[in-house]
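Values in this text are rule-based calculations from the coordinates and carry no lab data. Note that this is a predicted model, so its numbers are computed, not measured. Every residue, glycine among them, receives a Cβ derived from its backbone with ideal geometry; neighbour counts consider all protein chains shown.
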Amino acid sequence: METRQLGKTDLHVSVLCMGSMQFGWTADEPTSHEVLSRAYEAGVNFIDTADIYSRWVPGNPGGVSEQIIGRWMKSSSIPRSKVVIATKVRGQMSNDPADQGLSRVHIMQSVENSLKRLGTDYIDLYQSHAFDENIPIDETLQAYDDLIRQGKVRYIGASNYPAWRMMQALWTADKLNLARYDSLQPHYNLVHREEFEQELAEICDTYDIGVIPYSPLAGGFLTGKYRKGEPVSKDWRGKDNGRIQGYFTEHNWRMLDKMEAIGQEKGGYSISQVALGWMLSKPVITSPIIGPKNIAQLEDNLGAADLRLNEDEIEIIERRSN
């Protein structure tokens, strides 16, 4: 499988990134290990997780995904240097409201906990899960810089950062000679384009920042499992999935039909593979984060690794996307 360099780092990551929010939630541990092993066998060397995965699930204390990944690495014969591990910090990890954020105290405590759960002595990419309006950006970056100097973290990245905050972070890092964000993890897909494309895409391209989008399949909408006029399943909280239903427009139904047609014309690719292929055809994108909960979904995702759309196909799809 093709690899790409992540921003200005020396990290070479697979074109697809294995997301892990589903581990210990919709995929039990044996299934998670099976998915990880098959993905690695297929050439996926990049694994993304977060300390809070999946604390919102009843009975899940958070940190479960990191623990599952750590036990998989320990039980496998794969050298640590062959896997790129990315995790995140910011979320609340206990009932204490102060146990969250991007303060130096929280970052320093959280990194030790993540290292222990992952069973490793370093994290390849440590990411701010979202910006923290209550903490000066220089405090956050100084903490990260110290962790890099200590060898506990190799590079840092940001997730869910607006353009103004990303530029503030880059400017502060440059001014104070601190480690800078070398990657961005935005919410980006064919039905959620504006947030990234309006300003963030140009920032990432200009400053050579790796882009690892989450939700490339729009929570399942871009797999074709939802069809016009058919009932929608409940979300993970047992409530009506209003976010997914927000994609139910005539415009988007026509887009799915066109994606299905393009997939067939190119040799029998699924709608989800076309959605991933569209993203992989964009030079600014490093590695979309997939989240298969079983082997069947993984195999479908892997089938998109070599798919690239031409300019006409991209234009046809984008004319019909939101």
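Before moving on, here are some points about what is shown:
- Neighbours of GLY70 by Cβ distance under 13 Å: Lys/Arg scored +1, Asp/Glu scored -1, total +1.
- In plain terms, the chain from ASN294 to ASP96 could stretch by 67.8 nm, reckoned as 0.36 nm per residue minus the Cα-Cα distance.
- The reciprocal of the average 1/r between distinct C-alpha atoms defines the Kirkwood hydrodynamic radius, which for the range 245-311 equals 12.7 Å.
- A straight Cα-to-Cα reach below 20 Å connects LYS152 with the aspartates and glutamates ASP10, ASP48, ASP51, GLU66, GLU112, ASP121, ASP124, ASP138, GLU139, ASP182, residues fewer than 8 places away in its own chain not being considered.
- Three principal axis extents describe the C-alpha atoms of the range 87-129; from largest down they are 28, 17, 14 Å.
- Share of Cα-Cα pairs in the range 1-82 lying beyond 16 Å, as whole percent: 53
- For the chain, the longest site-free run once GluC sites (Glu not before Pro) in DSSP loop states with at most 15 other Cβ atoms within 10 Å are removed: 134-322
- For the chain, the longest principal axis of the alpha carbon atoms and the long axis of helix 163-176 meet at an angle near 30°.
- If you take the alpha carbon atoms of the chain and fit the smallest convex hull around them, that volume is 131 Å³ per residue.
- The chain, helix-only ellipticity at 222 nm - DSSP H runs n ≥ 4, -39,500 (n - 2.57), divided by all residues, nearest 500: -11500 deg cm²/dmol
- Take every DSSP beta bridge whose two residues both sit in the chain; close to 20 percent of them are antiparallel.
- Axis angle, to the nearest 10 degrees, between helix 29-41 and the longest C-alpha principal axis of the chain: 80 degrees.
- With distances taken between every two different alpha-carbon atoms, the range 154-303 has a Kirkwood hydrodynamic radius of 16.9 Å.
- Pairwise label distance in nanometres, SER81 with HIS187, each label 7 Å out on the Cα-Cβ vector: 4.0
- Residue among TRP171, TRP253, TRP72 with the largest mean-square fluctuation in a Gaussian network model of the chain, springs linking Cα atoms under 10 Å: TRP171
- Per-pair calculated FRET efficiency, R0 = 30 Å: MET108 and LYS175 via Cβ, rounded to 0.05: 0.85
- Applying 1/(1 + (r/R0)^6) with R0 = 25 Å to the Cβ-Cβ distance of LYS228 and GLN264 gives a FRET efficiency near 0.85.
- Measuring between alpha carbons in the structure, the pairs from LYS74/LYS175; LYS116/LYS293; LYS8/LYS116; LYS8/LYS82; LYS74/LYS225 lying more than 30 angstrom apart are LYS74/LYS175; LYS74/LYS225.
- Theoretical FRET efficiency, 1/(1+(r/R0)^6), r = Cβ-Cβ of ARG38 and ARG4, R0 22 Å, to 0.05: 0.55
- Helix 250-265 vs. the chain, principal-axis angle (Cα, 0 to 90°, nearest 10): 80
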